[in-house]
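Shown next, in structure tokens, is the structure this report addresses.
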Amino acid sequence: MTLLDPALAQRAIERALRRGGELAEVYAEDRRGFGLTLDDRRVERPQSGRELGASVRVVSGESSYFGHVDGLAEEDLMRVADSVAQAAGAPASPGVRLEPASGGSRHPVELAPEDVDAARKAELLRSCDETARSAGAEVAQVSVGYVEGRRVVEVYNSDGVAAADDRTRVRLAVQVVARRDGVVETGSETRGGHAGFELLVEHPEEVAAKAARTAVALLDARPAPSGPMPVVVGNAFGGVLLHEAVGHGLEADAVQKSASVYAGKLGEAVAPELVTAYDDGSRPGAWGSEGIDDEGTPTQRTTIIEEGRLTSYLYDLVRARKDGVASTGNGRRESFRHLPVPRMTNTFFAPGEATPEELIEGVERGLYAVSFGGGQVEPATGDFVFGVSEGYLIEGGRVTAPVRGATLIGNGLEALRAVDGIAGDLEIGTGYCGKAGQRVAAGVGQPHVRIGALTVGGTAA
Amino acid sequence: MSADLEAAARRAVEAAIAAGASDAEGYAEEGVEREIRVYGGAVESLTDAASRGVGVRAFLDARSGYAYGTDLSDSGLGDVGAAATEAARVADPDEHDGLPEETGAAAVGDLRSREVDRFTTERKVELALRAERAARAHPSVSQVEQVVYADVDGARALANSHGFASSFESSAAWAYVSAFAGEGSDLMTGLGLGLGRGPEALDPDAIGTEAAARAASLAGARQPSSRRCPVVLDALVSASFLGFIGGMLSADAVQRGRSLFADREGEEIATAELRLADDATLTDGLSSSPFDGEGVARRRLPLLEDGRLLTFLFDSRTARRAGRSSTGSAERSSYRSPPSVGTSNLVAEPGHATLEELVAEAGDGLLVTDVAGLHSGVNPVSGTFSVGATGRLIEGGELAAPVREITIASDLVSMLKSVAAVGSEARWVPFGGSVRAAPLLLREMAVSGS
């Protein structure tokens, strides 16, 4: 399927560059989605949508001029090209003849979600509901959400890029509330990927079972302890900590504005030798993967930390140009309505040698943080706060009781330096990352990781 | 512009009915938006955009479905109407779902400033540059990281198969600056912001100066020792908390068992000092509109008076379930999603004390100027929360050392009951929805540091 005639893209690019500029780009997108939720035993909010649109961008020095429009009509596209032709300077010529956009390496989709009957998706939600409710009388509420999306994109630019991608994502999320004697706890679990409905064919109800087990287990939680202590962070979603406290600080826009604690630290040891970490947008089928980024650069595996040394920042085209390096394929955007900015794809610690049990055995008194309810980081300082949604006490080298109300308070650089154990059980979770008003799918992941000391803000006296 | 949109909304309704829907509602939006980011005295990015779209809610008796699209041609509207009807087939029936019984429009004044259109791009760029200069002029500021000016100008139309059709135009403009003060481990950030109907309502000097002053007052912050003490929340922080509480007053959250105020209607849940209302009829409130997201007339809705919780926020579906009337609280965030129950402009009635007087009254305590992780840090059912905070210690009734890496922990019920005073300096804040917030003095909170 083709969205834009390359000749039209070329005309728009020439028009956009007529008052100068180093780079002009046309981005076209056809995005479709369907979603369905189940709440209180009722399948509701079926919703489908389709949007078609394009944007034009001119980059001139440090400035970007950007416009977008709904639809792909030639006159609209030309009007946008006119509105972004604001750069002062000599008229630039693209000088290259654009080829038809061609695809990067596509992530396999075996069962296109749009070919699956909506009734089957509704049944999926119902079976998750039943499974969760069968976990015990304490299960009070179950909500299940299913969402699928497909984005067909084409990128053309004045450097001759003519690239296309076809991205399909599906995600199932289950939230279970358990209640006993006035105590209420929540368990959540998701499964998703850059893949088709095949991801949800085999035992999707396991997602519900796990959420329910967590909610019920947490009913026995005690107030969390306070103070500095060793923290073992769980795999998959535990990677939120790396994403927030380290990853955002490696995005080149923050670095170039010195708005990151990692600015100027390339090549320096920022972590112990056992720490290696990647951003990998090419990881097959992973949630944050894509064939190309939203500027047409093929996605790749970028080593961000190698044996403790900071090795790379994450670049889009504009920031890469400024630093005289190549884009790392991290120029991402939420849709044709947004300017690309450096964003993580799938960011994770490389697996180590230990087992999760070994990491826990080494802790006399600490916290096992399995999952986070979310968190916030100040990129300029690296200070972070994370709410622990599922946490357990570690006492005498064993996981003992669940705890509630724990938060992790610290600083990204300090936490990274304090990593003293990494297990081998790497998994990628399905997150959504917000930045500059844009929300994109971001894979967060890691194996089990132990941080020697971190401040736990608890509620226990 | 509005007449065309109304026609599009009507045609979308007709398309859904033609596809077999028993009832339908069409919502259409059209607008132009601009965003300007400046950095280091030059334009960093300039975005100019036009957008339009339509969303259709279709009913098959008690089942409902939603679809949206960007194609407002007859065939595009036909596709959306048919897709909404198709979607409704997979939903389970909900006997309370359906169009509202009563529709109408309130008088809200002019929600659109012509200046959004009249100001040239150059003037808007100059406004942003001026805010940046104002921040940079502060001697403690080491870096101005972000300066953003944005505006939107557009129209919205709603039509339904019971014969309702109406539209309105509105605009908004806002700007914010994020500045750094101090270097290395002393570095702290500060935010300054302003908002209004158009660029003429923004004071770039004040926005830049606010960012600089906030950052400068925090530079060199350290982690303090743990304590229990009176806490003053400044207006930005108070807005975040009030917005969160406002969300829990949605009848949908209540009926789904996700609000800690579920059985508290009519009860005393706060001190008499805190008076809250939801008001979509204020001409200067950015969430104002003559009718709500399903065509029910807007009104001023008192929520908290004399410490009592007067009512929840209802749309027509939650109202039917509760045997009540809609309060005109169906919100539309965009044509891409169906209406949902929520606050419009949440308004805290200002008190009499200045921030300085609240700090003096606190004696020994903490002024919180920023919180992190509020939405993940609050348990919506129990209301317990533990959020990251930065601010200044208060000693002997005066501001003392800046502090960071602290958590403040309490629960929303105790917090509402510990409001000792509301400040007089009310302002609009776009956090947690549209909130007109004022500083709050809380009698006691647990502050945990080292």
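The values are calculated or read from the model by the stated rules, or taken from the named source; none is laboratory data. Everything numeric here is computed off the predicted structure, so don't read it as measured data. Because the Cβ atoms are built from the backbone with ideal geometry, glycine has one as well, and the counts that use them run over all protein chains shown. These accessible areas exclude ligands, DNA and RNA; they are computed on the full protein's heavy atoms, side chains included. Shrake-Rupley method; radii C 1.70, N 1.55, O 1.52, S 1.80 Å.
Observations
- Residues (open to solvent by 10 Å² or more (accessible area, probe 1.4 Å) and touching a strand residue (DSSP E or B) at 6+ places or on another chain (Cβ under 6 Å)) located in region A:329-348: A:GLU334, A:ARG337, A:HIS338, A:LEU339
- Flag if B:GLU25 is surrounded by fewer than 21 Cβ atoms within 10 Å (Cβ to Cβ) and modelled with pLDDT of 95 or more: no
- Scanning region B:30-48 for residues that are closer than 19 Å to B:GLU132 by Cα and either among the hydrophobic types (A, V, I, L, M, F, W, C) or more than 9 Å from chain A (Cβ to nearest Cβ) (or both) yields a total of 7.
- Condition met for B:GLU30 (in a strand (DSSP E or B) and either open to solvent by less than 40 Å² (accessible area, probe 1.4 Å) or of a type in the set (Asp, Glu) (or both)): yes
- Selection of region B:86-103 for residues being touching a Phe, Trp or Tyr at 6+ places or on another chain (Cβ under 9 Å) and within 12 Å of another protein chain (Cβ to nearest Cβ) yields B:ALA87, B:ALA88, B:ASP97.
- Scanning region B:368-377 for residues that are open to solvent by 10 Å² or more (accessible area, probe 1.4 Å) and either more than 9 Å from chain A (Cβ to nearest Cβ) or assigned to a strand (DSSP E or B) (or both) turns up B:THR369, B:ASP370, B:VAL371, B:ALA372.
Residue by residue, here is whether (1) in a strand (DSSP E or B); (2) over 30 Å from A:LEU72 (Cα atoms); (3) in contact with a helix residue (DSSP H, G or I) (Cβ under 7 Å, 6 or more places away or on another chain); (4) open to solvent by less than 10 Å² (accessible area, probe 1.4 Å) holds:
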position	(1), (2), (3), (4)
A:ALA122	no, yes, no, yes
A:THR131	no, yes, yes, no
A:VAL155	yes, no, no, yes
A:VAL170	yes, no, yes, yes
A:GLU206	no, yes, no, no
A:LYS210	no, yes, no, no
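- Search result, residues across region B:169-181 that are closer than 21 Å to B:ARG336 by Cβ and either touching a helix residue (DSSP H, G or I) at 6+ places or on another chain (Cβ under 7 Å) or modelled with pLDDT under 95 (or both): B:GLU169, B:SER171
- Number of residues in region B:263-287 that are open to solvent by 30 Å² or more (accessible area, probe 1.4 Å) and either hydrophobic (A, V, I, L, M, F, W, C) or closer than 15 Å to B:ASN379 by Cα (or both) equals 3.
- Looking across region A:380-433, just one residue is within 12 Å of chain B (Cβ to nearest Cβ), open to solvent by 10 Å² or more (accessible area, probe 1.4 Å), outside any strand (DSSP E or B) and under 30 Å from A:VAL184 (Cα atoms), and that is A:GLY405.
- Scanning region B:404-418 for residues that are crowded, with 22+ Cβ neighbours inside 10 Å and touching a residue at least 60 places away in the same chain (Cβ under 8 Å) yields B:ARG404, B:GLU405, B:ILE406, B:ILE408, B:LEU412, B:MET415, B:LEU416.
- Residues satisfying the stated conditions in region A:364-376, i.e. at the interface with chain B (Cβ under 8 Å from one of its Cβ atoms) and not polar (S, T, N, Q): A:PHE372, A:GLY373, A:GLY374, A:GLY375
- Considering only residues in region A:55-79 that are part of a loop (DSSP other than H, G, I, E, B) and at the interface with another protein chain (Cβ under 9 Å from one of its Cβ atoms), the one that is least open to solvent (accessible area, probe 1.4 Å) turns out to be A:GLY71.
- Per the listing B:GLU349, B:GLU331, the residue uniquely open to solvent by 30 Å² or more (accessible area, probe 1.4 Å), within 24 Å of B:VAL419 (Cβ to Cβ), assigned by TED's automatic domain parsing to the domain that holds B:ASP234 and out of contact with any Cys (no Cβ under 7 Å at 6 or more places or on another chain) is B:GLU349.
- Filtering region A:136-182 to residues that are under 23 Å from A:GLU295 (Cα atoms) and among the polar types (S, T, N, Q) leaves A:ASN157, A:SER158, A:THR168.
- Boolean, A:ALA254 is of a type in the set (Gly, Ala, Ser), part of a loop (DSSP other than H, G, I, E, B) and in contact (Cβ under 8 Å) with a residue 60 or more places away in the chain: no
- Residues considered: A:THR214, A:THR303. Of these, the only one that is outside the structural domain of A:ALA320 (by TED's automatic domain parsing) and farther than 16 Å from A:VAL419 by Cβ is A:THR214.
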